Amino acid sequence: GLPLQVFSMEAQPPPVFRSQFVPWYYSVSSTYSVITDSRYKLYSTADYSPNNLIWTLHTLEGDNAFIWDEDDNNIIAQCNNTDSAQIAFSSFETQAHGRWLYNNAGVLTDNTSPTGSKAYSLPSGSISLAGLTSASTYIVSYWSKTGASYTVSGSTSAKQGKTINGWTFFEHTITGVTSAAISGTGRVDELRLYPSTSQMITYTYNPLFGISTQCDANNK
């Protein structure tokens, strides 16, 4: 089975109290409860995907969310201080959409792309995501091959970054919306969405070889 809860001992009891220590045991009662010593404290809980991969790990230090390529059991994105329902990512390398909704026919091979070897052509259709919280503020970031920013619904501001190999980085702040959509006339790659209070790291892979690119929280 998969661990749903993890407990840790808050402190080792002094020798004089060890006789009072209550080991874990299973109480066969109407509630079928587990009895533990009071010094055990809940450290973490986990949410799992249907394929038994961790979506969100909730710990005392904060939450960590993950997006997987479920076909190959590879992490393609990880994000701190949030849960998996509030993030999205795709570098368009595999069938994994990373919670984005888009037309597969728009995925093209492009060896100049910032991460991996594919990108998405926005004339094939916009890219969207539903289920956002209108009271929250999110970051949508991407690399554009046109050198210009694209239209992002709910965008309140946009920042332009570096241009590398013909691709220009853009970062939008969006708020007050329950869905996001990206549209335009050029190619897009390394498309991220996450809360403004979080940071994301992303990965692409080569089959049989492992990680081919890693992009940090600063999109480097």
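Taken together, the residues in the stretch 108-132 that are open to solvent by 40 Å² or more (accessible area, probe 1.4 Å), in contact with a strand residue (DSSP E or B) (Cβ under 7 Å, 6 or more places away or on another chain) and farther than 19 Å from ASN219 by Cα amount to 4.
Highlighted here are the strands (runs of 3 or more DSSP E) found entirely within the stretch 24-106 that include at least 1 residues which are touching a residue at least 24 places away in the same chain (Cβ under 8 Å) and open to solvent by 20 Å² or more (accessible area, probe 1.4 Å): 40-48, 54-59, 62-69, 74-80.
The values are calculated or read from the model by the stated rules, or taken from the named source; none is laboratory data. None of these values were measured; they are calculated from a predicted model. Every residue, glycine as well, gets a Cβ built from its backbone with ideal geometry; the counts of neighbours run over all protein chains shown. Ligands, DNA and RNA are stripped out before the accessible areas are found, and what is left, the full protein with its side chains, is counted by its heavy atoms. Shrake-Rupley method; radii C 1.70, N 1.55, O 1.52, S 1.80 Å.
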